[in-house]
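Since the structure comes first, as structure tokens, the remarks are kept for the end.
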Amino acid sequence: CIRDSSRPTITSSDIVDVVSLLKSHQLAKGNKVKSFEYEIGSYLSVDFVKCTDSGTSAIIIALLSLKGLSPKQEVLLPTYVCESVLFAIKFVGLKPIFYDHRQNWTPNTNSIRNKLSDDTLAIIVVHTMGVAFQDVLLLKDLRVFIIEDCCQSFGLNIGNQAAGTIGDIGILSFNATKCLTTGEGGAIICNNNGIIEKIEEIICGHNS
């Protein structure tokens, strides 16, 4: 049955680790989270990894960081995408503009180019169900921010680069049905120092 096929694998050592974490009283932050961030960064060859409570939160923070760098107000997203992406765009006060995707669920670059305007802040591209969008590099010539949604494609490679590290920001989800799960949670990955500074400002401001 489909429900059984998406059931996460939980080993006895996973259970021991969770019990140990509960005993440490460090449920949201701490050495385990820092270690997890380090392991993700090392595995994906990315400089900055910040864990969040969900993939949706990761998208919201990413969009806020870009909004702080540019007055442009439109975000392009595919017609076939998790509703959380649309929610995040509206939540931060940006205008969603839909573009078409191909039959293999990857973005249609011609449709993206046709939807661009002087108000385009960013393009969200989705590596859907482990299917790589191979043309991320081509979009970088458009001079707008590129967000890679890798919530369904952790560890996917495009050429010699990990998905999520080619655009300006990558988004990960660790929901129970994702490739790599912690039950809940997400992460932002980034190699752009200017964007990293904005992300840290947002997170520090939220935690203060």
Select from region 122-208 those trypsin sites (Lys or Arg not before Pro) which occupy a DSSP coil region and have at most 13 other Cβ atoms within 10 Å, ordered by residue number. 143
Sum of side-chain charges, residue 44 neighbourhood, beta-carbon under 12 Å (Lys, Arg +1; Asp, Glu -1): -4
Mind pulling the angle between the C-alpha long axis of helix 12-24 and the longest principal axis of the chain? Nearest 10 degrees, somewhere in 0 to 90. 90 degrees
At what distance in angstrom do the alpha carbon centres of region 133-208 and region 43-86 lie from each other? 7 Å
Expressed as an acute angle from 0 to 90° and rounded to the nearest 10, what is the orientation of the C-alpha long axis of helix 31-44 relative to the principal long axis of the chain? 50 degrees
Of all DSSP beta bridges having both residues in the chain, the percent classed as antiparallel (nearest 5) is 45 percent
Candidate lysines for bridging to residue 32, where Cα separation is under 29 Å - those fewer than 8 sequence places away on the same chain excluded: 23, 50, 178, 198
For region 135-208 the GluC sites (Glu not before Pro) that pass both the DSSP coil test and the at-most-15 other-Cβ-within-10 Å test are 184
Just to confirm the number: angle between the C-alpha axis of helix 193-207 and the first principal axis of the chain, 0 to 90 degrees, nearest 10? 60 degrees
Starting from the residue with the highest accessible area, list 138, 116, 77 in decreasing order, probe 1.4 Å. 138, 116, 77
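The values are calculated or read from the model by the stated rules, or taken from the named source; none is laboratory data. Here the structure is a predicted model, which means the values were calculated and not measured. Cβ atoms come from the backbone with ideal geometry, glycine included; neighbour counts cover every protein chain shown. Protein only, heavy atoms only, side chains kept; ligands, DNA and RNA dropped before computing areas. Shrake-Rupley method; radii C 1.70, N 1.55, O 1.52, S 1.80 Å.
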